[in-house]
Every structure is written in C-alpha cells, then in structure tokens.
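Okay, so here's the structure we're looking at.
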Amino acid sequence: MGTYINRGNNAWRNIVVQEYVDKTSLIPLINATINTENRYSCVTRCRRFGKSMAAKMLCAYYDKSCDSRELFVGLKAEQDKSFETFLNRFNVLYLDVTSFTARPELRNSIVRNIQDKMIKEIKNAFPNVDYDENSDLMDVLSSIHQSTGEQFFFIIDEWDAICREFPERQKMKGDPETISPTILDEYVMLLRRLFKTQDSDEVFAGAYLTGILPIKRYNTESAMNNFCEYSMIRPGKMSSALGFTHEEVEAIIKKHEMDMAEMERWYDGYRIGKASRMFNPYSVMKAIYNEEYRSYWTTGAYDSVITYIQMNFEGLKDDIIRMLAGEHVPVNTTAFQNDMHVVNSRNDVLTVLIHLGYLAYDYTTNQCYIPNKEVADEMNNAVNATKWTQLAKTIENSQNLLNATIAGNEQAVAKAIDIAHDENTSILSYNDENSLACVLTVAYIWARNEYVIHREYATGKGFADLVMIPRRNVSKPALVIELKVNQSADAAIEQIKRKEYPEKVSEYTGDILLVGINYDKETKQHTCYIERCCRD
C-alpha cells in the first residue's frame, strides 16, 4: 500500500462502515468515460460537499492492489452493468495537492517535490522496468506502460490548490533581473506533460480531478482543454452526485427521528443544475451525529468572503442586502476567469461566492441567492465583520417595522416603509406592485429570524403579495400583506378578503394580521391599514 500509488481501500472502508448516504452513482458515470475521448474529468464543488470522499471511493473501486467488492455490496454502483468491468482494474495514482501547499518550506520547489515523491514510489512499485536517466513523471509512467502494458487511473484531489495559493503574478525567489517561471507556470507544464502528450491516452485509462474552481480560464487551456468540466454552475450529468438530494435526506432522518422541516431550513436550498433542493452533505451528517441543528460551516474562505463583499462594485452591497432578505438577484457567470485573484466586477464576486458555496445558483433564471439559514448566518457574520453601517441600520429599522406591524401601529408602519423606500432607492424604482414587494422583503429583513416569508404566495384564489408565517415555537400572528400603487390601503384589505387569502394561511397558524399598504407615486408616501383576523 502506497501514498501515491495503489493506496488500497482502507480510507473508503472507514467511510462505509459508518452511516453512509449512497453516492456511488458517481462510479457508473466515470466508468462510461474510461478509455474514451471523455476519459479526463474535473468535478469542482464547494468545500464540505464531499470532494475528498468521492476521491477515496474511486480509489477503492479502481485500485487493482486490493479487493473492494464487499465494500460496495448493496450500493447503487453494484447494480450497474459496468461495475464488474472496471472493479479493481487499474493502478491508481493519487495526489492530494493540499498536502504540499500546506508546507511552506516547499514553496519554491513544490512542483518538483510532487514529481520526486511520486516518481520514487512508482519506481519502487515497478522495479523491473528500465527507466531513462532524469526521467520526469510522465516519462516514468510511459516507460511502465511500454514495458508492462499497465494503465493508470489518476486522481488529483484539490487540483486547483496551487492556482489558489500561488497566483500567476507571484514570482519565485531568485535573481530579480531574471524572469523565472512562476509556480503556477511549472504546475501547468506538469499537467500538460501528463495529460496532453502523445502517450497520455495510452498511459491513462482515465483521470478524476476535484477542486473548488473550474479550470477553463486559469491560462491552462492548452494543458486542460481535454477535460470534461462539471461545476456548481455547470454540473451536467454530475448534478445529483454533488450533494444530498431531498429523498436521500428524508430517508436518513427517518431512521433518526429528526425534523425534516428544520433540516430543510438549515441545510437545504442549493440548486445544482437540474437537481433542485440539494442539501449540504457535511452539515446534514453533523446535525444527525450531534442531534443538533446549527451551523457546521467550517470553510476556510471566510476572510476571502469579507474581502469580496467589501469590494466597491456598483450594486454589490445592495445585492447582498437583497439576498439576506430572501431575494434572488441576476448574475452573469460567463466573464469570471475562475481565478480568485482576478475579480473585476460585481458579477465576478457573485460567481466566486457561488463556487465557494455561500450562494446558490439557478441556471434557469441566471440568478443567485442565499440557500438556507446556515449560509445566511455565515453571510451575516461576514457582513458584520465589514462594519457595514448601512446594513446595521437596515436591520434595526426592520425590527422596529415588525414590532409596529404586530402592534397595529399603522402610522409607524407607513413611516418605516417610507424610510425603507429612501434607503433602498438604488435597489429598485417604484414602477409597479412587484418592485414594491421586493423592497418590502428588504424592509422586513429582520423578520426572517421568526417568520418564513413567501413572495407571491398561492392561496387558491390568487397570490398574496407577501405572506409571513411564524416559525415553530414563535407565538406571533401570521401576516398577510397586500400592496397597491395609486389606490388605497383599504382596497388592499378588501382584496385580501375577497380572494380569501387568510383561509390558506390559517392552516398554519392562529391569529392573522391583514396588512394593506398603498404607495402614492405623486406624493411618494405610503399609507397603511391593519386589521386583525382571528380563527374561530
């Protein structure tokens, strides 16, 4: 058993002997690429979404130095017709790039050190092969293939760690008058040697790279353009393999008698390609193990997030506030260069936050949003660390607005919404009821702590503009809010009654407050009428 070649299946055994949510459906997807033009896969996703676990699974499955059949008994992969074909078939090379980037003493020799370590172990595994002097890693692998006919499956975990830690502009130490290649340049040359030479397709039956960022725009096109990419934004056929589905979470929590609603509130909400309602796998398992719903966010990108959201790009702070209020905002992900050190616009910031898992992405609308409470809490922490006085003021005003609404103080509610209008004129203009509803979700941003807030809530006879249903153990009335422009607050209340909006809401709560709000475009003032509706 080696460190870099044929590591065996112990790491995978340690996973499946515990409670395991079956994600082995990834194996048939990779099997379909073996020894084809699509043999090179790069699957990128945010931290805590099982990248390393998938790498360990593939190691155990393909590694010919061990017998892993028993470890897959009863799992999805075993049912696929390709399972027997490739089970323990190849020599598996494994490289965790972070094991080198975490060692500062290797800073200026990291790529050479990777090759030296791997070459030494590979030569020991194949001692009877004649190797040319000064062979690099690809030379050694080619010699083995030519001599023995053996093929390799190469797994690189956190492949982009060097790209993140050593950006291209950072030069190696040495003679300042001499232009030397960067660490990233050396790494790219290694990748090119491995995967773009005339022998690559003969030597490698396949390769599987994991990382956080896609690879297309790291100036590595010539080294990596033969890789099929699957990311949080463009997951393709890998979508259901990049998180826990609703059905998977539902099955596991039944065994532990946990609350599905709370699990959804805390960890649900990611949409990955065509797979909607995806959960954060790490946090789900931690919540089950600890029997406690809370934030298990342990990503190391927190400082970066603070840096990004403080960037003075037009509209960025407004977008962050809107998303904290539950809104979706448009984003163009196509211009981002997939380099955390090259962030040139608001769209770049939002795109990198999607890759880091702080935002979810809906490809059908090209919009991003905060998926759940766990992420919202962490985003709030990041925002608070920036000392944003604007957001602190918005939250304080929002808390006062909610208190005034529940107290039935119509004048105070109207005044608070006037303030929200003035504070957020850069978010939306008041052209119609929909834009007013969007601004109101920002005005009621604090209420998300105690309420589930719905925009355009279906009631059977129409859609209520804004419905706020108290969370469990919150003893406050539900709110049904109807908005009008250039009409009257009384007219809004009449519509609520005429379309029987409270009937649907009463399935969830006791007392209900009917709130009618009208905006007068000429005076730029709001009026409010509040009426209490009690269940019989």
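The values are calculated or read from the model by the stated rules, or taken from the named source; none is laboratory data. This structure is a prediction, so every number in the text was calculated from the model and none was measured. Ideal geometry is used to build each Cβ from the backbone, glycine not excepted, and the neighbour counts take in all protein chains shown. Just the protein is used for accessible areas: all its heavy atoms, side chains included, with ligands, DNA and RNA removed. Shrake-Rupley method; radii C 1.70, N 1.55, O 1.52, S 1.80 Å.
Stretching ARG13 away from GLN411 to a fully extended chain increases their span by 136.8 nm, per 0.36 nm per residue minus the current alpha-carbon distance. Remark: relative contact order (the chain) = 11 percent; criterion is Cα-Cα distance under 8 angstrom and separation of 6 or more residues. With axes computed from alpha carbons, what is the tilt in degrees of helix 433-443 against the longest principal axis of the chain, rounded to the nearest 10 within 0 to 90? Once rounded, the angle reads 80 degrees.
Heavy-atom accessible area per residue, the chain, 1.4 Å probe: how many Å²?
Values: 23640 Å² over 536 residues.
For the chain, the solvent-accessible area averages 44 Å² per residue.
Identify, among PRO330, CYS59, TRP12, the residue whose Cα sits farthest towards the positive end of the charge dipole of the chain, taking +1 on the Cβ of Lys and Arg and -1 on the Cβ of Asp and Glu, with the dipole about the Cα centre. Highest projection toward the positive end goes to TRP12.
Listed values for the stretch 308-317 are Karplus-derived 3J(HN,Hα) couplings in whole Hz (6.51 cos²θ - 1.76 cosθ + 1.60, θ = phi - 60°), namely 5, 6, 8, 5, 8, 8, 4, x, 5, 5, and x replaces Gly and Pro.
Over the chain, with every protein chain in place, what whole percent of the accessible area is carbon and sulfur at 1.4 Å, could you tell me? Display every interim value, and only then the final one.
Details: 10390 of 23640 Å².
C and S atoms contribute 44 percent here.
Using only Cα coordinates, the Kirkwood hydrodynamic radius of the stretch 78-145 works out to 14.3 Å.
Using a simple charge model, +1 on the beta-carbon of Lys and Arg, -1 on the beta-carbon of Asp and Glu, nothing else, what dipole does the chain show about its Cα centre, in debye to the nearest 20? Don't skip to the end; give the middle numbers.
Working: 61 positive and 75 negative charges, 63 e Å.
Dipole about the Cα centre, nearest 20: 300 debye.
Taking semi-axes √(5λ) of the Cα gyration tensor in Å as calculated from this structure, the corresponding entry among [x] 43, 26, 22; [y] 53, 27, 17; [z] 96, 24, 20 is [y].
Within the full protein context, the accessible area of TRP297 is estimated at about 30 Å² for a probe radius of 1.4 Å. Taking every DSSP beta bridge that has both ends in the chain, the antiparallel portion is near 50%.
As a length-normalised measure over Cα pairs under 8 Å and 6 or more apart, the relative contact order of the stretch 307-432 settles at 22 percent.
Annotation: for a label point projected 7 angstrom from Cα along Cα→Cβ of SER52, residues of the stretch 75-113 with backbone N closer than 20 Å are 93-106.
In this structure the amide hydrogen of THR24, modeled in the peptide plane, comes within under 5 Å of the amide hydrogens of LYS76, ALA77, none closer than 5 places in sequence on its chain. Applying 1/(1 + (r/R0)^6) with R0 = 41 Å to the Cβ-Cβ distance of ASN449 and TYR20 gives a FRET efficiency near 0.75. Can you give the angle from 0 to 90° between the axis of helix 281-290 and the longest principal axis of the chain, with both taken from C-alpha atoms, to the nearest 10? Rounded to the nearest ten degrees, it is 80. Give me the Debye-computed log₁₀ of I(q)/I(0) at q = 0.12, 0.24 Å⁻¹ for the stretch 1-65, equal point scatterers on Cα only, no solvent, two decimals. One equal scatterer on each Cα of the stretch 1-65 leads to -0.34, -1.23. For the stretch 95-107, the Karplus equation 6.51 cos²θ - 1.76 cosθ + 1.60, evaluated at θ = phi - 60°, returns couplings of 9, 9, 5, 5, 5, 9, 5, 7, 10, x, 5, 9, 3 Hz by residue, with Gly and Pro reported as x.
For the stretch 299-344, what class follows from the C-alpha gyration tensor (a ≥ b ≥ c being the square roots of its eigenvalues): rounded when a/c is under 1.5, otherwise prolate if a/b is larger than b/c, else oblate? Oblate shape, in that a/c is at least 1.5 and b/c is the bigger or equal ratio. Compute the acute angle (0 to 90°) between the alpha-carbon long axis of helix 410-423 and the principal axis of greatest extent of the alpha-carbon atoms of the chain; round to the nearest 10°. Between helix and principal axis, roughly 40 degrees.
Where does the stretch 345-429 land on Rg(C-alpha)/(2.2 N^0.38 Å)? Mind dumping the intermediate values first?
Working: Rg = 15.9 Å, N = 85, 2.2 N^0.38 = 11.9 Å.
Scaled against compact globular proteins, the figure is 1.34.
What does the charge count near PRO477 come to, summing +1 for each Lys or Arg and -1 for each Asp or Glu among other residues with Cβ under 10 Å from its Cβ?
Once all neighbours under 10 Å are counted, the net charge is +1.
Taken one residue at a time, the phi angles of the stretch 368-375 give Karplus couplings (6.51, -1.76, 1.60, θ = phi - 60°) of 10, 6, 8, x, 7, 5, 4, 6 Hz. Gly and Pro are set to x.
Please work out the FRET efficiency for the pair GLU494 and VAL474, using the Cβ-Cβ distance as r and a Förster radius of 22 Å; give the result to the nearest 0.05. For R0 = 22 Å, the calculated efficiency reads 0.15. Under a 5 Å amide H cut-off, with hydrogens placed 1.01 Å from N, LEU209 pairs with SER41, CYS42, VAL43, ILE156 among residues at least 5 apart or on other chains. Contact order, relative form, for the stretch 288-356: 27 percent (alpha carbon pairs under 8 Å, 6 or more residues apart, mean separation divided by residue count).
Taking the average, over residues, of other Cβ atoms within 10 Å as the packing measure, peptides 182-191, 143-152, 477-486 rank 477-486, 182-191, 143-152 from highest down.
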